[in-house]
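A quick write-up on the structure given underneath.
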């Protein structure tokens, strides 16, 4: 990991602590990794990825950084915050899907004076082509970050997260996270192979993309970057469908999980990612997937901005 340049954006290591009330309710030992407290913006998992991605952008001399996502993309908001912090110009070209009013992450982007543009398309290829068109028109060096920061380089952020957890003196039987664009899940799964082989990683899918293949491809790409001598396959992780009525559309189970975490632990999840992911953890516990002495880690990947736009 030390061979890769990083810019300092977050406050690490993030804390891990026991969810005592949730553990009693679910009959197992549940901890939370507080990556909602990464320090930039309102925190969130994208900060780890952006430390690698924006180091690469700076190394290439980029003055403008493009990225994309839905209207309430946590990744897009944090990319804007990180780029501003580093003296670069962020341009967000977002799908015109979801809450586009000045609420949630749109409000935060407005406060930062971010250039936000919407495209009425469901195809990210259209958006990446528009990034190239705008970049060429501006005539300055630019850098494109994919949706969610989920490419091989961004995935290294969560390989490193598992190393960080191990260095905190912790080990787990299960690691649970939201699966929204693939990079976080892939990094955790590869990180577990390298740093915590006893942990089984489960991704709670909040979209209907082919994450079985996406996750494997990202794991392989990250392993290749690291020169890691590991064999990666679909058997290295589990997936569970928590999409419900659709991406960025709250589900009954997800909303109940948001309320449960708030009422029992005073921790706020969001209805698009972490709420649905925690609903999956609750369902697994009720199905008997965890023994009483199992150690289960829930990754709180942030998303507070969306809570104030989408609601529950």
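The values are calculated or read from the model by the stated rules, or taken from the named source; none is laboratory data. Model, not experiment: these values are computed from the prediction. Using ideal geometry, Cβ is built from the backbone for each residue, glycine included, and neighbour counts are taken over all protein chains shown.
Within region 276-306, which residues are in a helix (DSSP H, G or I) and either touching a strand residue (DSSP E or B) at 6+ places or on another chain (Cβ under 9 Å) or more than 21 Å from residue 48 (Cβ to Cβ) (or both)?
Across region 276-306, the qualifying residues are 276, 277, 278, 279, 280, 281, 282, 283, 284, 285, 286.
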Yes or no: region 154-172 includes at least one residue that is buried (at least 19 other Cβ atoms within 10 Å of the Cβ) and outside any helix (DSSP H, G or I). yes
Residue 97 passes all but one of the listed conditions (1) within 30 Å of residue 299 (Cα to Cα); (2) touching a residue at least 12 places away in the same chain (Cβ under 8 Å); (3) in contact with a helix residue (DSSP H, G or I) (Cβ under 9 Å, 6 or more places away or on another chain); the exception is number (3)
Conditions (1) outside the structural domain of residue 187 (by TED's automatic domain parsing); (2) surrounded by fewer than 24 Cβ atoms within 10 Å (Cβ to Cβ); (3) in contact with a helix residue (DSSP H, G or I) (Cβ under 8 Å, 6 or more places away or on another chain); (4) not in a helix (DSSP H, G or I) -> residue 2 fails only (3)
Confirm whether residue 44 is within 20 Å of the chain's Cα centre (by Cα) and not in a helix (DSSP H, G or I). yes
Going through region 53-62 in order, the residues found to be part of a helix (DSSP H, G or I) and either buried (at least 24 other Cβ atoms within 10 Å of the Cβ) or out of contact with any helix residue (DSSP H, G or I) (no Cβ under 7 Å at 6 or more places or on another chain) (or both) are 53, 54, 55, 57, 58, 59
Q.
I'd like to check something: does region 63-85 contain any residue that is in the same structural domain as residue 302 (by TED's automatic domain parsing), touching a residue at least 24 places away in the same chain (Cβ under 8 Å), within 20 Å of the chain's Cα centre (by Cα) and part of a strand (DSSP E or B)?
A. no
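Results for (1) under 18 Å from residue 283 (Cα atoms); (2) in contact with a strand residue (DSSP E or B) (Cβ under 9 Å, 6 or more places away or on another chain); (3) surrounded by fewer than 20 Cβ atoms within 10 Å (Cβ to Cβ); (4) without any contact (Cβ under 8 Å) to a residue 24 or more places away in the chain, shown as yes or no for each residue.
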| site | (1), (2), (3), (4) |
| --- | --- |
| 7 | no, no, yes, no |
| 22 | yes, yes, no, no |
| 26 | yes, yes, yes, no |
| 32 | yes, yes, no, no |
| 39 | no, no, yes, no |
Taking region 90-126 and the residues there that are in a helix (DSSP H, G or I) and out of contact with any strand residue (DSSP E or B) (no Cβ under 9 Å at 6 or more places or on another chain), the one that is farthest from residue 44 (Cα to Cα) would be 125
